[in-house]
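Worksheet: the structure to be examined is printed underneath.
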Amino acid sequence: MTASSPESDELPTSTGFRERLSVPVRWWALTALFVGSLWLAFVVSTPPEVSWPSTAILVVAGVALLTSYGSAVVEVDAGVLVAGRARLDWAHCGPAVPLDEEAARRLRGVDADPRAYLLLRPYIRTAVRVDVNDPEDPTPYWMISSRHPGRLAAAINAARRVAD
């Protein structure tokens, strides 16, 4: 599991729980090394008028890609569960179960249901499963990556009790 600072992944909020699924520092380092190696190839093989603008474009693209991919937020709100762009009203939200690495791996693989809503990040090995109790929705459950699955599941189950 990736160690990261609490300030970057979990933001305090009055709604009970909020977590940003930001990319780990090693992804930023690998991107910097990749851009650096391409810069070196450009400098050796092309004139400065080509190598520097090309490198600038790669830097902007790398930052945009990592920032966008790591911008997904999981939030337990007063009226809904927010996971990325998706929202689930408490009226349709079933119990939440925290998943350790092994249980999350199985639910991503052999035990997976193709109709499930997934907000997964490969650098976060633990997750939470939330059952969907809506007869008109074909989605049986949501599976949400979380660095703190126990706290997320507890916040979801507490918000469900308050909403009932």
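Brief remarks on what is shown
- Listed by position, the strands (runs of 3 or more DSSP E) inside region 117-164 whose residues that are crowded, with 22+ Cβ neighbours inside 10 Å and either assigned by TED's automatic domain parsing to the domain that holds CYS93 or of a type outside the set (A, V, I, L, M) (or both) number at least 3 are 127-132, 141-145.
- Restricting VAL43, VAL35, VAL60, VAL74 to residues that are of a type in the set (A, V, I, L, M) and exposed (fewer than 12 other Cβ atoms within 10 Å of the Cβ) narrows the list to VAL60.
- Listed by first and then second residue, the pairs linking a residue in region 79-106 that is not assigned by TED's automatic domain parsing to the domain that holds SER146 to a residue that is at pLDDT below 95 and aromatic (Phe, Trp, Tyr), with Cβ atoms under 8 Å apart and 6 or more places separating them unless they lie on different chains, are GLY79/TRP90; VAL80/TRP90; LEU81/TRP90.
The values are calculated or read from the model by the stated rules, or taken from the named source; none is laboratory data. Remember, it's a predicted structure, so these values are computed and weren't measured experimentally. Cβ sites come from the backbone with ideal geometry, for glycine too, and all protein chains shown count toward neighbours.
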